[in-house]
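S.K.: Attaching a single structure in structure tokens format; questions to follow.
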Amino acid sequence: MKASISSRLVAGGFALVLLGAVIASTVSASVGASTTATVQRIFGQDAIETSIAVSRAEFSQSASARSVILARSDYFADALAGGPLAAANDGPLLITPGAAKSQTLDPRVRSEIQRVLPHGRTVFVLGGPLALASGIDDALHNLGYVVVRVQGANQFATAVAIAGQLGNPSVVFEATGLDFADALSAVPAAIQARGAILLTKGSAQAPETAAFLAAHPPTSRYAIGGPLAAAGADPLATAVYGQDLFETSAAVASRFFPDAETFGAATGLTFPDALSGGVFMGTPGRIGALLIVNAAAPLPSSIVTYLIGLTNGSNGYLFGGPLAVNDNVVTALDNPTLPPPSPPPTPGPQPTNPQGLVNQINAQRAANGRAPLATDGGLTNVAGGWAAHLAGIGVLQHQDLYTFLGSWNTVGETLEVGPCSQSDQAIVAAWMNSPPHRDILMSPAFSAVGVAAVCGADGREWVVADFGG
């Protein structure tokens with residue numbers, strides 16, 4: 001079986017596709033909802049339209065919101081921290097492209113703001129001008145709105161500024177600001193607890209968050225994510241987590257919504273749908289957990305176990321369209337059942353050892369006078385999620401690297417697909433023999449890497465290496 005490889009680099013806000021093809025499609029600007037039994041799907045044609053669809057579901061009457069919270073669509077941190085601010089100010093959370101992608105307010109978002117928010121009300125714009133362009137403020141002023149910029153020097157400081165806008169709550173939720181997987185379920189829990197969401201630097205505490213905790217000691221603090229994430233950054237916090245993003249989602253649901261009559265669900269491969277839906281699930285009349293699900297059935301067993309424990313006939317919402325989450329997930333959410341015990345697995349091809357790949361990459365870097373790369377938990381989670389996605393769709397394509405650019409100045413990605421049980425030497429040799437891939441592996445701009453390999457049902461192995469610096 002012949003192997004195929006691809007690479008992509010994002011630096012300074014610009015994307016360069018080094019090898020492979022880019023496929024784009026245009027869609028009509030419509031949003032909608034469909035219902036199967038007790039589970040209602042709320043979605044649009046893309047992430048921005050899904051946030052608009054959630055706004056329309058939450059505020060169906062024109063001019064019925066007291067505010068709007070506006071965050072960038074290409075990175076998660078500001079929207080995550082802004083969820084409780086949206087609920088506290090009785091407004092929807094809307095997203096628009098970040099400054100690296102656009103200097104203007106998306107016209108669809110502008111129309112929704114004009115529909116939902118009376119003139120003279122406040123639009124809270126999250127993040128500085130590098131997050132959302134300053135021209136957006138002028139556009140909103142010209143529409144007759146009061147604009148309040150809530151910003152800090154970085155995403156950690158912006159989260160602290162949002163907490164200040166909330167009145168420095170005595171309940172704090174902490175989640176890593178380097179990767180969105182753990183944080184997706186935190187929004188409705190923080191809203192219900194009337195808390196703020198602050199960010200850590202993975203398993204290290206962010207100085208901005210540490211300063212806030214010292215100045216405003218909370219009565220309750222929760223770390224969403226395990227020892228390699230927020231729990232490692234704050235050992236004094238109550239840790240709520242599982243072994244993966246699904247188990248973490250179920251753990252948050254079980255702790256904060258054990259007897260809910262409503263639940264929400266969204267994909268864990270990207271963040272916008274879950275964050276828009278999280279605000280929806282934290283508001284009166286539908287308070288419940290936001291569960292993370294796969295793009296296609298079956299549901300993770302931890303999610304099934306939580307759903308089975310809810311009141312029979314609970315209402316559910318699925319955020320995102322069929323391209324994000326398959327219709328068979330709607331059926332599974334409506335009728336959650338645990339599968340019968342599986343027979344002992346038949347030994348089969350095993351995926352390449354990711355640590356072996358890291359070792360091979362570092363051996364090549366050492367031979368070329370480059371410093372070794374550290375293994376980063378956030379990048380490893382991103383790589384693992386994308387490798388599983390590629391194995392599911394059977395197509396070699398890059399993810400949107402802007403979604404995990406975050407605090408990295410430069411990110412890059414290399415991909416490979418070939419037979420399962422390839423040697424790590426063969427994979428790295430193939431990358432080194434391709435100039436675009438070699439440039440990424442050898443780049444002095446990178447200091448960390450996350451690698452994952454997944455064997456698909458067709459016997460092919462999908463390898464993803466994500467780099468940050």
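The values are calculated or read from the model by the stated rules, or taken from the named source; none is laboratory data. Note that the structure is predicted; figures quoted are calculated from it, not measured. Every residue, glycine among them, receives a Cβ derived from its backbone with ideal geometry; neighbour counts consider all protein chains shown. The area values use the complete protein model at the heavy-atom level, side chains included, leaving out ligands, DNA and RNA. Shrake-Rupley method; radii C 1.70, N 1.55, O 1.52, S 1.80 Å.
S.K.: Keeping every protein chain in place, order Trp462, Trp386 by accessible area at 1.4 Å, biggest value first, i.e. largest first.
M.R.: So, going from the largest accessible area down, we get Trp386, Trp462.
S.K.: Helix 155-165 against the longest principal axis of the chain: what's the angle in degrees, Cα atoms only, rounded to the nearest 10?
M.R.: For 155-165 against the chain, the angle is about 20 degrees.
S.K.: Further question: Using all Cα-Cα distances in the chain, what percent lands in each 10 angstrom bin from 0 up to the longest?
M.R.: 4, 21, 30, 27, 14, 3, 0
S.K.: Output the peptides 105-113, 141-149 sorted from most to least packed, where packing is the average of other Cβ atoms within 10 Å over each peptide's residues.
M.R.: On the way: 105-113: 19.1, 141-149: 14.4.
Put in order of decreasing packing, that is 105-113, 141-149.
S.K.: Can you tell me the orientation of helix 47-58 relative to the chain, as the angle in degrees between its alpha-carbon axis and the longest Cα principal axis, to the nearest 10?
M.R.: So the helix axis and the longest Cα principal axis differ by about 30 degrees.
S.K.: Using only C-alpha atoms and all pairs of different ones, pull out the Kirkwood radius for the stretch 40-116 in Å with one decimal.
M.R.: With all distinct Cα pairs of the stretch 40-116 included, I get 12.5 Å.
S.K.: Can you tell me the mean projection area, over all orientations, of the convex hull of the stretch 115-226's alpha carbons? Units nm², please.
M.R.: Working: hull surface 31.3 nm².
Mean orientational projected area (the stretch 115-226, Cα hull): 7.8 nm².
S.K.: Could you tell me the relative contact order of the chain? Use alpha-carbon pairs under 8 Å, at least six residues apart, and round to a whole percent. Numbers along the way, then the final one.
M.R.: Numbers: 1096 pairs, mean separation 77.7, N = 469.
Once normalised by length, the contact order is 17 percent.
S.K.: Here is a further query. Counting only the heavy atoms of the protein chains, how much of Arg72 is accessible to a 1.4 Å probe, in Å² to the nearest 10?
M.R.: 50 Å²
S.K.: Quick check: from the Cα gyration tensor, does the stretch 260-310 come out rounded (a/c under 1.5), prolate or oblate? Please report the intermediate quantities before stating the final value.
M.R.: Values: a/c = 3.22, a/b = 1.13, b/c = 2.85.
Oblate is the answer for the stretch 260-310, as a/c is 1.5 or above yet b/c matches or exceeds a/b.
S.K.: How far is the Cα center of the stretch 418-435 from the Cα center of the stretch 264-287, in Å?
M.R.: Cα centroid of the stretch 418-435 versus Cα centroid of the stretch 264-287: 39 Å apart.
S.K.: A further question follows. Thinking of the stretch 93-166 as a set of Cα atoms, what percent of all their pairs are more than 16 Å apart?
M.R.: Numbers: 1280 of 2701 pairs.
Counting pairs separated by more than 16 Å, the tail of P(r) holds 47 percent.
S.K.: Shifting gears a bit: Where does the stretch 364-429 land on Rg/Rh, using Cα atoms and the Kirkwood Rh?
M.R.: Values: Rg = 13.7 Å, Rh = 14.0 Å.
Ratio of gyration radius to Kirkwood radius for the stretch 364-429: 0.98.
S.K.: Does anything in the stretch 264-285 have its amide N under 16 Å from the 7 Å Cα→Cβ label point of Ser60, and if so which residues?
M.R.: So the set is 284-285.
S.K.: What value, in deg cm²/dmol to 500, does the helix sum -39500 (n - 2.57) over DSSP H runs of n ≥ 4 give at 222 nm once divided by the residues of the chain?
M.R.: Values: 16 runs with 159 residues, N = 469.
That comes out to -10000 deg cm²/dmol.
S.K.: Let me ask something additional. Thr311 label point, 7 Å along Cα→Cβ, cut-off 16 Å on backbone N: hits in the stretch 264-292?
M.R.: Taking a point 7 Å out along Cα→Cβ of Thr311, the residues of the stretch 264-292 whose backbone N falls under 16 Å are 264, 284-289.
S.K.: Would you compute the Debye intensity of the stretch 168-258 from its alpha-carbon atoms alone, equal scatterers and no solvent, and pass along log10 I(q)/I(0) at q = 0.11, 0.17, 0.20, 0.22 Å⁻¹ to two decimals?
M.R.: With no solvent term, the Cα-only Debye profile gives -0.24, -0.59, -0.83, -1.01.
S.K.: Sticking with this structure for a sec: Against the longest alpha carbon principal axis of the chain, how many degrees, from 0 to 90 and to the nearest 10, is the axis of helix 377-393 turned?
M.R.: Once rounded, the angle reads 80 degrees.
S.K.: In Å and whole numbers, how far do the C-alpha atoms of the stretch 219-270 stretch along each principal axis, longest first?
M.R.: 32, 29, 16
S.K.: PRE reach from Gln103 (point 7 Å along Cα→Cβ): which of the stretch 127-143 fall under 15 Å by backbone N?
M.R.: So the set is 129-139.
S.K.: Something else about it: Modelling each spin label as a point 7 Å along the Cα-to-Cβ direction, I'd like the Asn335/His119 distance in nm, to one decimal.
M.R.: It works out to 5.4 nm between the two label points.
S.K.: Okay, moving on. Work out how much length Asp439 to Ala296 would gain on full extension: take 0.36 nm times their residue separation and subtract the Cα-Cα distance, in nm to one decimal. Provide the component values of the computation, followed by the final result.
M.R.: Working: separation 143, 0.36 × 143 = 51.48 nm, distance 3.52 nm.
That pair, Asp439 and Ala296, stretches by 48.0 nm at full extension.
S.K.: With each label point set 7 Å from Cα along the Cα-Cβ vector, what nm distance links Glu261 and Arg194?
M.R.: For the pair Glu261/Arg194, the computed spacing is 2.3 nm.
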